[in-house]
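Asker: Sharing a structure with you now.
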Amino acid sequence: MKRGKKTEEASAEGDNDTGSASSKKAKKAKEPEAPVLYDDPPDKLTSKDGRDANLKITSWNVDGLRAWVKKKGLDWVREEAPDVLCLQETKCSEKALPAEITSMPEYPYKYWAASDDKEGYSGVAMLCKTEPLKVTYGIGKEEHDKEGRVITAEFPNYFLVTAYVPNASRGLVRLDYRKTWDVDFRAYLSELDVQKPLVLCGDLNVAHQEMDLKNPKGNKKSAGFTPEERDGFSQLLAAGFVDSFRDLYPEQSNAYTFWTYMMNARSKNVGWRLDYFLLSSSLLPGLCDSKIRNKAMGSDHCPITLHIAV
């Protein structure tokens, strides 16, 4: 649910695109600038401390699982072949899941969380090649656990958490709720981190820095780029978690994971980086690569993939 963000983004982009009649001559003389695209570099499969990657996780906000399956999203997944596939915004109850995904032999261990009250809203999934030791749903607080936003899987050496973080919504009507969520979710992750290190992946619904969206100036009051949401993310980093992409590519701009369907935003690369792999700091030596697969179509988000040695 990104209407507020899309509206702001479209208007910000529109401000750049419209021109008065008096400027038409100048436009004829000067061709519009080509969009600056992000070219996902070749995968690095060796960690900072020299180990080979032995775990591959992919995360994708599919913006409706049933539509995404029809758009051949699973073909891309089979080609990517992660060990674990995490999906957000599935918008699908378990009884309505398409057979194409429930019967996937590549992932015999499948876990689903959906909204209790609203059909076709929110929802996350985790599909695993190897069986986790334990799987839990939500973060243990009733006010947050009705919308199907979090699945946690425990593996021998780490926890994997996938999340679809609440959007502050059009007019920031859920910003206060989002601020409460950020505090409670951070506490939940910190409690896990005491037991064993964790990987958090998903749509965290915030562009942390100005370089994480195309039009920062026009979106200071937009859902996903308010000071409150950005501060919530900063506090997550201060709690000991690391943004894997930024750790590897600290100066990389124009690297986005979400583009509104409006205004040809994706072809112009007018986007936001909303999807992340965060790691416990103790996993950082094993980080090999954090990928933005921006050529993969099927949603208004693209998938991201983590290579790590654990």
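The values are calculated or read from the model by the stated rules, or taken from the named source; none is laboratory data. Every value quoted in this text rests on a predicted model; they were computed, and no experiment measured them. Here the Cβ positions follow ideal geometry from the backbone for every residue, glycine too, while neighbour counts run over all protein chains shown. With ligands, DNA and RNA removed, areas are computed over all heavy atoms of the protein, side chains included. Shrake-Rupley method; radii C 1.70, N 1.55, O 1.52, S 1.80 Å.
Asker: Just name the residue that is nearest to VAL150 (Cα to Cα) out of those in segment 75-92 that are open to solvent by 20 Å² or more (accessible area, probe 1.4 Å) and not acidic (Asp, Glu).
Answerer: Per the criteria, the residue is LYS91.
Asker: Further question: Only residues that are under 15 Å from SER115 (Cα atoms) and open to solvent by less than 50 Å² (accessible area, probe 1.4 Å): list them for segment 146-161, please.
Answerer: GLU147, GLY148, ARG149, VAL150, ILE151, listed by residue number.
Asker: Quick test for you: out of TYR121, TYR111, pick the one residue that is within 17 Å of TYR137 (Cα to Cα) and in a loop (DSSP other than H, G, I, E, B).
Answerer: Criteria check complete, one pass: TYR121.
Asker: Scanning segment 185-201 for residues that are aliphatic (A, V, I, L, M) and within 19 Å of the chain's Cα centre (by Cα), which turns out surrounded by the fewest Cβ atoms within 10 Å (Cβ to Cβ)?
Answerer: Among residues in segment 185-201 that are aliphatic (A, V, I, L, M) and within 19 Å of the chain's Cα centre (by Cα), the one surrounded by the fewest Cβ atoms within 10 Å (Cβ to Cβ) is LEU198.
Asker: Further question: Looking at the structure I just gave you, is ALA168 more than 24 Å from TYR249 (Cα to Cα) and crowded, with 19+ Cβ neighbours inside 10 Å?
Answerer: yes
Asker: Suppose the filter is of a type outside the set (Ser, Thr, Tyr), open to solvent by 80 Å² or more (accessible area, probe 1.4 Å) and touching a helix residue (DSSP H, G or I) at 6+ places or on another chain (Cβ under 8 Å); does LYS48 pass it?
Answerer: yes
Asker: May I ask you to list the residues in segment 130-144 that are open to solvent by less than 80 Å² (accessible area, probe 1.4 Å), over 19 Å from LEU236 (Cβ atoms) and touching a Phe, Trp or Tyr at 6+ places or on another chain (Cβ under 7 Å)?
Answerer: Selection gives PRO132, VAL135.
Asker: Take LEU283 and decide whether it is assigned to a strand (DSSP E or B) and crowded, with 21+ Cβ neighbours inside 10 Å.
Answerer: Against the criterion (assigned to a strand (DSSP E or B) and crowded, with 21+ Cβ neighbours inside 10 Å), LEU283 does not qualify.
Asker: Now, a different point. Does segment 173-184 contain at least one residue that is in a loop (DSSP other than H, G, I, E, B), free of Cβ contacts under 8 Å to residues at least 60 places away in the same chain and open to solvent by 40 Å² or more (accessible area, probe 1.4 Å)?
Answerer: Within segment 173-184, one or more residues are in a loop (DSSP other than H, G, I, E, B), free of Cβ contacts under 8 Å to residues at least 60 places away in the same chain and open to solvent by 40 Å² or more (accessible area, probe 1.4 Å).
Asker: Which numbered condition trips up LEU127, out of (1) surrounded by fewer than 19 Cβ atoms within 10 Å (Cβ to Cβ); (2) aliphatic (A, V, I, L, M); (3) closer than 24 Å to LYS70 by Cα?
Answerer: Condition (1) is where LEU127 drops out.
Asker: List the number of the failed condition for MET104; all other conditions in (1) more than 25 Å from PRO197 (Cα to Cα); (2) among the hydrophobic types (A, V, I, L, M, F, W, C); (3) open to solvent by 30 Å² or more (accessible area, probe 1.4 Å) hold.
Answerer: In the conditions (1) more than 25 Å from PRO197 (Cα to Cα); (2) among the hydrophobic types (A, V, I, L, M, F, W, C); (3) open to solvent by 30 Å² or more (accessible area, probe 1.4 Å), MET104 misses (3) alone.
Asker: Mind checking which residues of segment 253-310 are under 20 Å from PRO82 (Cα atoms) and among the aromatic types (Phe, Trp, Tyr)?
Answerer: TYR276, PHE277
Asker: Considering (1) over 29 Å from ALA238 (Cβ atoms); (2) part of a loop (DSSP other than H, G, I, E, B); (3) of a type in the set (Val, Ile, Thr), say which one ILE101 fails and leave the rest.
Answerer: (2)
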